[in-house]
Amino acid sequence: MADRLLDVRDLRVEFKTLEGTVHAVNGVSFSVEPGRTLGIVGESGCGKSVSVLSVMRLIPQPPGRILSGQVQFDGRDLLSLSPAEMQQVRGKDLSMIFQDPMTSLNPVLTIGRQIGETMRVHKGLDEKQARQAAIELLDQVGIPNPSMRLDDYPHHFSGGMRQRVMIAMALSCSPKLLIADEPTTALDVTIQVQILDLVKELRDRLDMAVIWISHDLAVIAEIADRVAVMYSGYLVEEADVFELYRQPLHPYTLALLHSLPRLDTGELDKLAAIPGSPPDTTRLPAGCPFAPRCTCAIPRCRNENPPLAEVAPDHRAACWLDVLSGGAR
Amino acid sequence: MASIAISPDELVDRKPLTPGQVAWKRFLRHRMAIVGIWILVGLVLYVTAGALFFSEADANYVDLRQKMTGPTSVHPFGTDMAGRDILARTVYGGQISIIIGILAVLVSVTVGVLIGAVAGYFGGLTDSILMRFTEAMFNIPQLFLLIVLAKFFAGDTPTFTFLGRAYSGSVVIVVGVIGLTSWMYLARIVRSSFLSLKEQEFVTAARATGAPDLSIIFEHILPSAMAPIIVTATLEVANAILSEAYISFLGMGVQPPTATWGNMLNEAYNQLEAAPWMWFFPGTLILLIVLAINFVGDGLRDALDPQSLAGRQE
């Protein structure tokens with residue numbers, strides 16, 4: 001594999017709560033190459049956001065705790081940096097956009113101030129230069145009339161426009177990696193497409209890598225080069241996007257793809273929902289976490305958790321079974 | 001039928017209101033607050049314009065032949081024990097009382113905001129230590145603390161000159177003492193605002209841009225916490241003026257000859273029946289200013305608090 005921009009190894013994160021310890025991320029490894037896009041999919045509470053927030057070191061500690069792992073970013077282990085060093089990285093080489101643009105912009109500061117701040121912190125621009133740069137950024141992300149909108153407050157913008165403002169903020173220092181935590185989930189479908197296209201265009205223009213988190217397989221198919229599937233804090237499958245959609249090798253991925261409505265087959269059956277719900281992450285089962293809901297589970301699945309292993313060329317999955325043949329590996 | 005077409009230019013010109021403008025409009029609709037504002041304007045005019053008619057020397061001019069005369073045409077508010085003109089003294093005393101009120105609140109806001117913000121933002125051990133200290137301060141009755149501190153610092157207070165006027169050094173001490181005994185309530189309010197605001201996603205987003213802690217505290221969180229701070233600070237001005245009156249009344253505040261409304265009451269204390277004009281005028285002025293500030297504070301609360309329904313009579 002080519003040199004990696006971000007290399008996360010065996011990341012484990014837990015949260016101490018009153019109901020017990022939540023094992024949010026359990027030994028997850030993934031990597032991103034420069035200029036490429038990794039999509040992370042999974043249902044709510046499977047540890048997608050916690051994984052990337054750990055990379056950003058934005059997990060509230062306590063109650064959260066990063067138990068182990070390495071996060072190599074651009075030649076440095078982010079987990080061993082001091083808080084001050086980490087502040088230098090955040091927003092500069094590594095930036096992030098969030099799920100809900102309604103709440104992730106400060107309601108009492110003008111957007112010009114919010115966009116300008118990153119550049120004042122990291123590039124040492126003065127007020128006037130930051131303002132000029134913010135106008136250019138707003139123009140780049142497709143906000144009409146940027147010099148007039150600069151002094152507006154977030155509540156003067158619609159959801160899609162605010163997400164564009166967030167993107168402008170995130171891109172202000174030309175980061176090497178942009179982490180997008182479900183940036184389109186809170187938007188309606190037509191706006192989703194616009195935001196996706198915008199990020200794709202900017203990614204190619206600025207040659208940055210992207211981690212795109214979503215629970216929407218269609219969105220991931222649209223933007224990602226590689227896909228990682230997470231389930232209850234484990235990475236269960238990882239492959240090239242075409243390979244994964246053509247030939248999923250984990251029963252969970254298979255079930256996810258089956259639960260999507262299809263237009264091409266002409267069948268009007270009910271959607272195939274996955275029975276049951278994800279396990280309680282305070283009490284993970286001894287075996288494979290998906291075993292209780294898996295249609296092809298064998299006794300071994302309930303006792304031993306399968307490791308993530310290379311099951312096909314450049315395709316990793318964590319399953320004791322070969323879903324194609326139905327036999328054990 | 002009239003045309004309702006709007007040209008694009010007009011649309012651009014019609015800027016939406018800023019949060020400040022919205023609050024101002026709501027404030028203007030609060031009738032009592034407007035009454036309060038007018039009373040305050042009147043009182044400020046009284047103490048500033050009054051100084052054009054009387055010099056400070058007039059206010060401190062002792063004329064024992066005229067002592068304790070009731071209101072006359074020469075002394076409309078009467079004279080005190082030393083024959084000083086009460087009208088002139090309420091003018092200069094008012095200046096001191098208002099200045100003490102405002103400066104003391106500046107001290108208490110600075111201390112309260114710093115302690116509350118640091119405690120709320122960093123949490124954990126820092127929070128515990130600062131809040132236990134705040135509670136300890138709370139548990140000592142404020143009046144008692146005021147008297148002890150005033151007594152403690154009262155020993156040596158040189159007179160100082162500022163902007164061409166001589167002030168008793170006790171003014172600074174009273175400001176400090178009142179400021180340092182009244183920040184606790186504000187610290188708690190600021191801390192609780194910070195506790196909830198720091199969990200907001202926009203704070204995480206700000207941290208994701210690499211903003212340092214100080215910038216997050218003062219630039220990102222504090223503006224959202226301003227509304228309760230402004231309201232509390234306004235009401236605190238009234239309290240500070242009252243506190244000054246208490247300790248000056250007890251003879252431990254600002255020392256004569258510098259007049260304040262509080263120490264004028266102290267002098268009147270023994271002549272309640274013999275010379276009612278001696279307490280009536282300064283007393284009424286204290287009553288008016290405290291009332292007016294409270295009206296304004298109420299109006300500000302309704303205007304600034306988005307949850308309050310009182311200001312929302314559309």
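Only the coordinates and a few stated rules stand behind these numbers; no lab work does. This one's a predicted model, so the numbers in the text were calculated from it and none came from an experiment. No Cβ is skipped: glycine too gets one built from the backbone with ideal geometry, and neighbour counts run over all protein chains shown.
Could you give the radius of gyration (one decimal) and Dmax (whole number) of the Cα atoms in chain B, in Å?
Calculated on Cα positions, Rg and Dmax stand at 23.8, 82 Å.
Under 4 °C and 1.567 mPa s, how fast does the stretch A:173-262 diffuse according to Stokes-Einstein, given a Kirkwood radius computed over C-alpha pairs? Answer in µm²/s, whole number.
Rounded to a whole number, D works out at 92 µm²/s.
If one takes the longest principal axis of the Cα atoms in chain B, at what angle in degrees, from 0 to 90 and to the nearest 10, does the Cα axis of helix B:184-197 lie?
Long axis of B:184-197 versus the principal axis of chain B: about 10 degrees.
Relative to the first principal axis of the alpha-carbon coordinates of chain B, what is the inclination of helix B:19-28, with its axis defined by its Cα atoms, in degrees from 0 to 90 and to the nearest 10?
50
Summing Lys, Arg as +1 and Asp, Glu as -1, what charge do residues with Cβ under 13 Å from the Cβ of B:ALA238 carry, B:ALA238 excluded?
On the way: positive: none; negative: B:GLU236, B:GLU244, B:ASP298.
Neighbour charge sum, excluding B:ALA238 itself: -3.
Cut-off 10 angstrom, C-alpha nodes, Gaussian network model of chain B. Which of B:GLY253, B:GLY124, B:GLY283 fluctuates the most?
Judging by the Gaussian network model, the answer is B:GLY124.
Show me A:118-125, A:3-10 ranked by packing, highest mean number of other Cβ atoms within 10 Å first. Can you show the working numbers first?
On the way: A:118-125: 19.6, A:3-10: 17.4.
Those peptides, ordered most packed to least, come out A:118-125, A:3-10.
Quickly rank B:100-109, A:286-295 as a protection proxy: mean count of other C-beta atoms within 10 Å, highest first. Kindly include the intermediate steps, with their values, before the conclusion.
Working: B:100-109: 22.1, A:286-295: 19.5.
By packing density, highest mean first, the sequence is B:100-109, A:286-295.
If amide H atoms are built 1.01 Å from N in the plane of the peptide, which residues on other chains or at least 5 residues away come under 5 Å of the amide H of A:VAL323?
none
How big is the charge dipole of the protein assembly as shown about its Cα centre, in debye rounded to the nearest 20, if each Lys and Arg gets +1 on its Cβ and each Asp and Glu gets -1 on its Cβ? Mind dumping the intermediate values first?
Details: 52 positive and 64 negative charges, 220 e Å.
Roughly 1060 debye for the protein assembly as shown.
If I build a Gaussian network model for chain A, linking alpha-carbon pairs within less than 10 angstrom, which residue out of A:PRO313, A:PRO34, A:PRO60 has the largest mean-square fluctuation?
A:PRO313
Which whole number gives the average, over all residues in A:168-180, of C-beta atoms from other chains lying within 10 Å of the residue C-beta?
On the way: counts 0, 4, 3, 0, 1, 2, 0, 0, 0, 0, 0, 1, 0.
Shielding by partners across A:168-180 averages 1.
Where the centroid of each part is defined by its Cα atoms, how far is the stretch B:167-203 from the stretch A:224-261 in Å?
Going from one Cα centre to the other spans 54 Å.
If R₀ is 60 angstrom, what is the calculated FRET efficiency for the pair A:ALA272 and B:LEU287, using the beta carbon separation as r and rounding to 0.05? Kindly include the intermediate steps, with their values, before the conclusion.
Values: r = 77 Å, r/R0 = 1.28.
Once the sixth-power term is evaluated, E becomes 0.20.
Under 12 Å Cα-Cα from A:LYS128, which aspartates and glutamates qualify once same-chain neighbours fewer than 8 residues away are excluded?
Correct list for A:LYS128: A:GLU117.
Calculate one ³J(HN,Hα) per residue across the stretch B:64-77 by plugging θ = phi - 60° into the Karplus curve 6.51 cos²θ - 1.76 cosθ + 1.60, and present them in order as whole Hz with x for glycine and proline.
Each residue of the stretch B:64-77 in turn: 5, 5, 9, 5, 6, 8, x, x, 9, 5, 6, 10, x, 9 Hz.
What is the local net charge at A:LEU125, summed over the other residues whose Cβ is closer than 15 Å to its Cβ (Lys, Arg +1; Asp, Glu -1)? If you can, show how the numbers build up before the last one.
Details: positive: A:LYS92, A:ARG113, A:ARG120, A:LYS123, A:LYS128, A:ARG131; negative: A:GLU117, A:ASP126, A:GLU127, A:GLU136.
Overall, the nearby charge balance is +2.
Only counting other Cβ atoms within 10 Å, I'd like A:MET148, A:MET166, A:MET102 sorted with the fewest neighbours first.
Values: A:MET148 12, A:MET166 28, A:MET102 17.
Going from sparsest to densest Cβ surroundings: A:MET148, A:MET102, A:MET166.
What would the Debye formula give as log10 I(q)/I(0) at q = 0.22 Å⁻¹ for the alpha-carbon point model of the stretch B:180-314, no solvent?
Taken in order of the listed q values, log10 I(q)/I(0) reads -1.22.
Where the eigenvalues come from the Cα gyration tensor of chain A, what are the semi-axes √(5λ) of the equivalent ellipsoid, largest first, in whole Å?
Numbers: eigenvalues 263, 102, 65 Å².
So the equivalent ellipsoid measures 36, 23, 18 Å along its semi-axes.
Return the ratio Rg/(2.2 N^0.38 Å) for the protein assembly as shown, where Rg is computed over Cα atoms only. Walk me through the numbers on the way to the answer.
Numbers: Rg = 33.7 Å, N = 643, 2.2 N^0.38 = 25.7 Å.
In units of the globular-protein estimate, the protein assembly as shown measures up at 1.31.
What is the fewest-to-most order of B:ARG191, A:ARG246, A:ARG203 by other Cβ atoms lying within 10 Å of their Cβ?
Numbers: B:ARG191 24, A:ARG246 9, A:ARG203 19.
In order of increasing Cβ crowding within 10 Å: A:ARG246, A:ARG203, B:ARG191.
To make sure I understand the rule: partners must be aspartates and glutamates, Cα under 17 Å from the Cα of A:LYS200, and not fewer than 8 residues away in the same chain. Which ones qualify?
A:GLU33, A:ASP139, A:ASP181, A:GLU182, A:ASP216, A:GLU222, A:ASP225
Can you compute 3J(HN,Hα) from phi for each residue in the stretch B:126-136, using the Karplus curve 6.51 cos²θ - 1.76 cosθ + 1.60 with θ = phi - 60°, rounded to whole Hz and x for Gly and Pro?
Rounded to whole hertz, the list is 3, 4, 4, 4, 5, 6, 5, 4, 4, 5, 4.
Would you mind counting up the charge near B:VAL91? Only other residues with Cβ under 10 Å from its Cβ, with Lys and Arg at +1 and Asp and Glu at -1.
Numbers: positive: B:ARG89; negative: B:GLU56, B:ASP58, B:ASP85.
Local net charge: -2.
Please label the shape of the stretch B:92-217 as rounded, prolate or oblate, based on the square roots a ≥ b ≥ c of the eigenvalues of the alpha-carbon gyration tensor (a/c under 1.5 means rounded; beyond that, a/b larger than b/c means prolate, else oblate). Walk me through the numbers before you get to the answer.
Numbers: a/c = 3.24, a/b = 1.96, b/c = 1.65.
Prolate, because a/c is 1.5 or more and a/b exceeds b/c.
Pairs B:LYS25/B:LYS198; A:LYS92/B:LYS25; A:LYS92/B:LYS198; A:LYS48/A:LYS92; A:LYS123/B:LYS25; A:LYS48/B:LYS198: which are spaced more than 32 Å apart, C-alpha to C-alpha? Show your work: numbers first, answer last.
On the way: B:LYS25/B:LYS198 29 Å; A:LYS92/B:LYS25 41 Å; A:LYS92/B:LYS198 22 Å; A:LYS48/A:LYS92 22 Å; A:LYS123/B:LYS25 40 Å; A:LYS48/B:LYS198 22 Å.
Beyond 32 Å: A:LYS92/B:LYS25; A:LYS123/B:LYS25.
Working from Cα positions, state the angle (0 to 90°, nearest 10) between the long axis of helix B:142-153 and the longest principal axis of chain B.
Result, in degrees: 60.
Go through the stretch A:23-33 residue by residue and turn each phi into a ³J(HN,Hα) via Karplus (6.51, -1.76, 1.60, θ = phi - 60°); whole Hz please, and just put x for glycine and proline.
8, 6, 10, 10, x, 9, 10, 7, 8, 10, 8
When B:TRP277, B:TRP261, B:TRP38 are ordered from fewest to most other Cβ atoms inside 10 Å of their Cβ, what list results? Before the final figure, lay out the partial values.
Numbers: B:TRP277 20, B:TRP261 27, B:TRP38 12.
In increasing order of surrounding Cβ atoms, one gets B:TRP38, B:TRP277, B:TRP261.
Using a 10 Å cut-off around each Cβ of peptide A:115-126, what is the average number of partner chain Cβ atoms that fall inside?
Details: counts 1, 0, 7, 5, 1, 2, 5, 3, 0, 0, 0, 0.
Mean shielding by partner chains, rounded to a whole number: 2.
Need one word for the stretch A:35-194: rounded, prolate or oblate. Basis is the Cα gyration tensor (sqrt eigenvalues a ≥ b ≥ c); a/c below 1.5 gives rounded, then a/b vs b/c decides.
On the way: a/c = 1.98, a/b = 1.34, b/c = 1.48.
Oblate is the answer for the stretch A:35-194, as a/c is 1.5 or above yet b/c matches or exceeds a/b.
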